[in-house]
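Step one of this worksheet: look at the structure below.
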There are 2 protein chains.
Amino acid sequence: MTTRRVRRSGASFESHTSGVDLGPLPEYVGFVLRRVQSQVFADFIQSLNELDLRPAQFAILEAVDANPGMTQSDAGAMLGIQKANMVGLIAELERRGMIVRRRSPRDRRSYALHLLAEGGRLLRRARRLRDAQEARIANHLGQESRDRLLALLTRLAHLD
Amino acid sequence: MTTRRVRRSGASFESHTSGVDLGPLPEYVGFVLRRVQSQVFADFIQSLNELDLRPAQFAILEAVDANPGMTQSDAGAMLGIQKANMVGLIAELERRGMIVRRRSPRDRRSYALHLLAEGGRLLRRARRLRDAQEARIANHLGQESRDRLLALLTRLAHLD
DNA sequence: TATTGTTATACTCTATAACTATA
DNA sequence: TATAGTTATAGAGTATAACAATA
C-alpha cells in the first residue's frame, strides 16, 4: 500500500505494509522492550507447552537444581513470585513427582525443596527447548550482538 | 552472607546478597528480557497511574494522534490488542472526552477515531512521564548504549 | 511479635465464541 | 460470505488479607 513518513521529531519511522503507523512509539526503549518480550515469551510458552510446564515452573526447577534444599519462600522471593502464588506451582510439580518438599528440621515452618530424578529429566528437556530459542536469537542477531544485548539488558536491570 | 560461585558452564553468576542463586538463568536473553521488561513496565504503569491511564490507552492515544480517523480495529491490530478488548479501552477514553468515534461514511460498520483537545492534553502529559522514564534509562546506560540497546531490540523484534 | 505456608479472593490482561449491522 | 464492533465469558498472572503452626 502507501508508504508514509512520520512528520514528527528527527527519527523517521515508516510503515510499508499499511496506511497507518505507530507514531513515535518505536523510538522508545520501554515500548520496544515490551513488544519484543511479549513475542519471545509467547514463543517460549508455546514451546514449553509440550512439556505441560509453565515458565515460572521451569524457573523453579532451575532454582531448586542450583540450590538443593532451598525453601519455598526463598524461591519465590528470588523469582518475584508471591508466596501465595507459589503454592499451586509447587503443588503441581510435587503431584507430578518432579520435586519433594521435606519439613526442615531446623525450622519446621518451612519446606526444603529437592529435585527428584523425574524432575531432573523434565528440567533437561525444558533446557533443550530454551536452548533452541536462545540459538535462534543468537543466530538472528549474531553471537556478538547477542552478547551485547544480554549485557545491556543486565545493566538495565540495575536501573534505580 | 556467603558468596557462592555457580559450578556450571563457563559464565559464573554470583550472588552476594543471599545464600541462594538463580543458577544459569541470568545468562539467557529470554529470562533477562522478561525480568527487565517487568521492572520497566511496572514502573511505567505506576507513573501513568497519576493520569488514570493504562499503557494500552496511552498507546492508543499515540496511534490516533499519528493516524487521525483511523479505525478501531486498525489500532487494535497495530498494537496487538484483540478487538473485543479494544471496546472497553476506547469506551473509557470516549467517556472521559479524550477521543470521539464517528461512524465512517465510507464503511458504516466501522468507527473513525479522532483525538479531542482534552485527549491531546492528556497525551502530552503522558509523554512527559514516558520521557522522564526514557531519560532515566538513557542516563543509566549512557546515550550510546541506550541507542545500541534500542537497535538490538528492534532487530530482535524481527525474529522469525 | 514475626515468619512459613495456606486459603480465599479480587483485579488485570488476554483469548474465544456468538451476536448485530453492515459490506 | 466476510468484516467491524459488541457482549459474555473463561483463563492466566498477580496482589492482598487472614489464618494455623512455628519461631
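The values are calculated or read from the model by the stated rules, or taken from the named source; none is laboratory data. All values derive from a computational prediction rather than experimental measurement. Virtual Cβ from ideal backbone geometry, glycine too; neighbours counted across all protein chains shown.
Which residue, of A:Leu149, A:Leu122, is facing chain B (nearest Cβ under 9 Å), of a type in the set (A, V, I, L, M, F, W, C) and surrounded by 15 or more Cβ atoms within 10 Å (Cβ to Cβ)? If you could, list the steps in order and put the result at the bottom.
Numbers: A:Leu122 fails: facing chain B (nearest Cβ under 9 Å).
Answer to the check: A:Leu149.
Working carefully through the options B:Asp65, B:Asp43, B:Asp21, find the one that is within 22 Å of B:Arg130 (Cβ to Cβ) and either modelled with pLDDT under 95 or within 7 Å of another protein chain (Cβ to nearest Cβ) (or both).
B:Asp65 is the lone residue from the list that is within 22 Å of B:Arg130 (Cβ to Cβ) and either modelled with pLDDT under 95 or within 7 Å of another protein chain (Cβ to nearest Cβ) (or both).
Could you say which residue among B:Ala117, B:Ala112, B:Ala135 is over 19 Å from A:Asp147 (Cβ atoms), in contact with a Ser or Thr (Cβ under 9 Å, 6 or more places away or on another chain) and more than 9 Å from every other protein chain (Cβ to nearest Cβ)?
Details: B:Ala117 fails: in contact with a Ser or Thr (Cβ under 9 Å, 6 or more places away or on another chain); B:Ala135 fails: in contact with a Ser or Thr (Cβ under 9 Å, 6 or more places away or on another chain).
Within the list B:Ala117, B:Ala112, B:Ala135, the selection yields B:Ala112.
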message: Against the condition surrounded by fewer than 18 Cβ atoms within 10 Å (Cβ to Cβ), on the phi > 0 side of the Ramachandran plot and out of contact with any Gly (no Cβ under 6 Å at 6 or more places or on another chain), how does B:Gly19 come out, does it pass?
response: no
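Each row is one residue, and each column tells you yes or no for (1) modelled with pLDDT of 95 or more; (2) within 14 Å of chain B (Cβ to nearest Cβ); (3) away from DNA strand C (no atom under 12 Å from the Cβ).
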residue: A:Leu61; (1), (2), (3): yes, yes, yes
residue: A:Gly69; (1), (2), (3): yes, yes, no
residue: A:Leu89; (1), (2), (3): yes, no, no
residue: A:Arg95; (1), (2), (3): yes, no, no
